[in-house]
Structure formats: C-alpha cells, structure tokens
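Contents: one structure, followed by commentary.
The values are calculated or read from the model by the stated rules, or taken from the named source; none is laboratory data. The shown structure was predicted, so the numbers you read here are calculated from the model rather than taken from an experiment. Here the Cβ is made from the backbone with ideal geometry for all residues, glycine too, and neighbour counts use every protein chain on show.
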Amino acid sequence: MKKISIVLAAIALVLSSCADFLDVSPTNQAAASSSIMNEADAKVMLNGLYDALTTSSFYGRNFILYGDAKSGDLTVQSNGRGYDYMFAYNHSVSGYSMSGFWTSGYNIIMLCNNIIENIDRLKEEGTTGLDEYRAQALTIRAMVHYDLCRLYGKCYNDDKASYGIPIADKTVPAGAQLLRNSVEEVYNVVLRDLDDAAPGLSKDVKNRKGFVTYYANRALKARALMDMQDWSGALSLAEEIYNSKAYKLYENDEWVASWASQFGSESIFELGMNVNEGDLGNTGCVGAQYILGGGNGRNNQIFMASQSYLKLLGEDPEDVRWGVMGLDQVGESEGAARLGSCYKYYGGLEMKGDGKASSSAVNIKLIRLSEVVLIAAEAAARTNNMSKASNYYNMIHARSPKLTPVNTVTVDMVLAEKRKELFGEGLHFWDLIRTNSTIVMDDSTPDVKVTTRETSFTRSFYKCILPIYNGELNANPGMRAQQNPGY
C-alpha cells in the first residue's frame, strides 16, 4: 500500500522532542549538519539510542511483560494490581491501549534515523570510521519496526497484505503524516536494513558487550524468517551463529548462576540496566512484577507462573530451571510449595542482582544462544532434518537431567522446550501467534474475573493485536480507516 503525504503526529512530536538531545532540527539542515562532527559525537548519540531502548514502556519492561502476560505463561492472584490488563487482553482505543509502545517505538526509530542520516552526510564529505555506528543504528531501526509490526499487525504468515505499521525509514518534516504500510512491506524493510547493516557490524563480541553485533543482527533476522516460514534461511542463520563459537551454552551447574552476572557466554544481545538510570526498582523492572513482595508490598505480587507452565516444568523435578523459581503468593497463603515466582531479573533466589549496587538493576537479555539453538531445532524439524533437529533440541533438553535424550523431535516438543527455557523473557506469545497455536489462559485463581476474553482462543481473536490509540487517530485522521478490525 502507498504511503501518502500526510504523517503521524507521533513522529512529528518525536522529532521535536529529539531535537534538544541530538542538537538536530528536523526541518533545519544547517543545524543537522553540526550534530555529528566526529566519532566521539556519534558514540554519544549511539549511547543515547541504547538508553532509549531500556525505557519502561518498551524493552525495559512492558514489551517483555506483554509477551509473557498474553501467552498463558502467567496468571494473577486478583485483578487490579497493575499491568494485569495485559493478562485480561483489556485493550481499547481509549483505555489500556499500551500507547507507550507506539510513541516510544517511533522515538527510537527517529533517533536511529538521525544517526544514520548524519553519518551518511559525513561519509559523503569524506569522513571514515563511522560504519559500525551506522550499522548498529540500522539494526536497531529494523528491530523496532519488526516488534512494532508484531504488536499492531497480523503475523506475516497469517495475512501479509494486511495493515502493519507506517514505515519510518527516514526523517520527515514536522507536521507530515504517514499511513500504515502492509505487513509484507514492513518485513521487506526489516530484512533490507538487517542485511545492509550486517557487513558493518563487529564479530568481536568480547569488546562489544551491550551493543549490537553481527551475530545479534543475524539472530534478529532468523526470528523474522521464522515468521515468514523460511525454515532453511532461519536454520542457516542459527547454525552460523552457533558454529561461530562466539558464544557457549551454559552447563547445567552454570545456568542459575548466569542470571547473577552480566554478559555471560550465552548473551547475544543484552541491554545494560544501570543504577539510577534504567533501573526503576520495584515499580519498573520486570522482576518486581514476577516475585513475591514485588510492586508495593508483599501481598501485591502481580504475576506468577500459570498452572500449565508449572506442570510443564514439573516434568522433571530436578530441572535446573527450577533454580530461579520461588514461592508465590498462592503458595504462601495456602502453605503449599507453589513455585510460581520468577527471579531471573533479580539474579536468582538470593536476589544478588548482577553485580551492581542495586539488585533490581539487572540487564535485560534480549537474545540468548539457547533461543538460537531452539530456532535451529525447530527449523530443522520442519525441513525433516531429524538428525540436526534432535541434536539441537537435546542441547537444551539436557537441562532436565531426569528426562532422556530423544532421536525424533516434533515442532511441539521444540516449542515446549523453548517455553521452559525462555520463561519470563517475553517470547512465548510470539511463538503461539506465529504457529497459530491455541492460547490457553489460566483463570483458575478464585479472585480472577476476566470478561474481556475467553479462556482459550487463537490468533484470530482480534485482541491478539493492539489498536491504534485515539491520540494517534485524532492527530492523524487518515489512519481511522486503517484501524485494526474489532476496535
């Protein structure tokens, strides 16, 4: 679908809010020409971009909460404690719309565009040495376009011709407006940006901790290709990452302790959460929502593991992943050992954090090697390469020492293993959407009353994607005709 020359008000607002930070005026090229003069300037701007990724309204909290709360992995003790509107699928154009995804996402994209376009200008003037900075911004731009498209648009393999999000791959004049592109058009731009960026990214992962590397770029592309059902392409990328030996899977006796350290051997892309910066303590970090005593008090735990997740993990009582699960509110009140609290984001049950002064300032691990290995396992299973599928699957399955290795792997087995491994990391919902699996929510606690969804449904339920919120529609009336069905 064509873009027309009317723009999102959100982008215009973002551009004006970015101006002070970047010393760039979107309609003043003279000002823009002085924003990056050398590598030091580019580094400052890039650091600001990474800081924007950790905002609570995107990867610092809400994006991960969203993927967990809507997946059936979590349940709540009672309604009204905060964020449980995600669990209830209580989304509307005027309330609980999660509009922060839209505004924060486009803010990040505009920061990327400012960096990319200013570096392009310097390159035209003969400046060298900035290619990696540009490639990092290009990769992040692709990542945010991709995640926004998943939030607001249908899955690629469901209806790629349907509305995705507006593509914002260049700065726009203040006051301009864009309409929504198709899902396919967004994915094409995502893949284009990732491929354009890849040659400029470093493979030196030891000296790029907390920054996008070549392998993070390839892992992001593998995720997108899985949505597109390009199994051979996803397998090739996943194997490239694994075979590079740049990362190493944790041994069973290392797995729990890995959460108490920064930039471990499995961490492909990890965002730094710093004390007095990204760390919002009990009100902001993901961990505070998942543990007993989180939020505003001991009896205010918001989310805990669902019955179905605990049953799945309970296939092996000695599974190493029990090591980050602690007593939840139901277990405490009933005097039972219901281990539904997840302490990944506090460094483990002892709440040591990951080495910083605040135990809640724990880095966000956006991409881990275990996910990539399971992408390889699923892609291999789908291409009937059972030798590779079982090999990759058993690498992670070994974290359940009482369960025997397998020689034949199904896609459902891989997805179940992925659910065990990546619990609390915001990924399971997207697998359910991608595979059009039934989403089963746990409404078993007596105080939970949900009227905004059924207990089970598939991606055809309209609230599996978010509405375009009223503030955007009012500022950009042309988008009213592009509202998602049901809203």
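Quick look at the numbers
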{"item": "Some residue of the stretch 145-155 being closer than 23 Å to Y469 by Cα, hydrophobic (A, V, I, L, M, F, W, C), outside any helix (DSSP H, G or I) and more than 20 Å from the chain's Cα centre (by Cα)", "result": "no"}
{"item": "Tally, over the stretch 78-102, of residues that are of a type in the set (S, T, N, Q) and crowded, with 21+ Cβ neighbours inside 10 Å", "result": "1"}
{"item": "Hits in the stretch 329-365 - residues which are within 30 Å of V212 (Cβ to Cβ), polar (S, T, N, Q) and touching a residue at least 40 places away in the same chain (Cβ under 8 Å)", "result": "S358, S360, N363"}
{"item": "Matching residues, the stretch 158-190, being at pLDDT 95 or above, part of a loop (DSSP other than H, G, I, E, B) and of a type in the set (V, I, T)", "result": "I165, I167"}
{"item": "Residue in the stretch 120-134 that is part of a helix (DSSP H, G or I), surrounded by 20 or more Cβ atoms within 10 Å (Cβ to Cβ) and at pLDDT below 95 present", "result": "yes"}
{"item": "Residue within the stretch 397-413 that is of a type in the set (S, T, Y) and in contact (Cβ under 8 Å) with a residue 40 or more places away in the chain present", "result": "yes"}
{"item": "When residues of the stretch 326-369 are limited to those that are modelled with pLDDT under 90 and in a helix (DSSP H, G or I), the one surrounded by the most Cβ atoms within 10 Å (Cβ to Cβ)", "result": "Q329"}
{"item": "Boolean, D68 is closer than 28 Å to S360 by Cβ and not in a loop (DSSP other than H, G, I, E, B)", "result": "yes"}
{"item": "Residue among A288, A222, A216 that is at pLDDT below 95 and not charged (D, E, K, R)", "result": "A288"}
{"item": "Selection count, the stretch 443-481, where residues are within 25 Å of the chain's Cα centre (by Cα) and part of a helix (DSSP H, G or I)", "result": "6"}
{"item": "Test result for V372, crowded, with 23+ Cβ neighbours inside 10 Å and modelled with pLDDT of 95 or more", "result": "yes"}
{"item": "Qualifying residue in the stretch 428-442 (condition: modelled with pLDDT of 95 or more, of a type in the set (G, A, S), in a loop (DSSP other than H, G, I, E, B) and under 21 Å from M86 (Cβ atoms))", "result": "yes"}
